[in-house]
Amino acid sequence: MRPNGIERYKDYRKALLDGHVIANPKLKQPHYHFINDANTREANFRFDPSRPTALFCRRTPIQEYKLEGAMYTTSPDATEDALNQGIALSIARFPAVSRGYFDTTARTAGAIAAMI
């Protein structure tokens with residue numbers, strides 16, 4: 001496992017190549033979500049910190065999109081210990097409701113985020 005699974009996404013073009021899609025790219029937003037449906041489906045079966053469910057980016061005049069963090073979803077039976085092995089939860093907790101983001105999927109136990 002790599003120490004930081006989102007490091008490669010500092011270049012947003014790599015996120016696009018890995019299957020992330022920008023949600024509402026033409027709508028001006030303070031933060032943009034780069035969503036990866038394949039990673040979301042896989043997260044129902046196993047947690048992989050190198051495959052975030054969504055990336056959080058802000059738009060900049062120079063770099064187009066600057067990575068600010070990532071969100072991961074996990075299966076309902078994942079233990080906190082198992083998640084802590086992938087990402088240190090002491091610095092990455094992301095409860096079901098945080099900063100206005102809601103986890104409404106019935107099959108998802110919760111979400112954690114890694115912020116840069």
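The values are calculated or read from the model by the stated rules, or taken from the named source; none is laboratory data. Since we're looking at a predicted model, the values are computed, not measured. Methodologically, a virtual Cβ is constructed for each residue, glycine included, from the backbone with ideal geometry; neighbour enumeration extends over all protein chains shown.
Figure legend. Inter-residue proximity from region 26-49: first residues more than 21 Å from residue 12 (Cα to Cα) and free of Cβ contacts under 8 Å to residues at least 24 places away in the same chain, second residues of a type outside the set (Asp, Glu) and not in a helix (DSSP H, G or I), beta-carbon distance below 8 Å, spacing 6+ or different chains. Indicated pairs: 42/51.
Scanning region 45-68 for residues that are exposed (fewer than 14 other Cβ atoms within 10 Å of the Cβ), part of a loop (DSSP other than H, G, I, E, B) and either modelled with pLDDT of 90 or more or not β-branched (Val, Ile, Thr) (or both) gives 45, 46, 61, 63. Each residue in region 59-80 was checked for being among the charged types (D, E, K, R) and in contact with a Leu (Cβ under 9 Å, 6 or more places away or on another chain), and 2 of them qualify.
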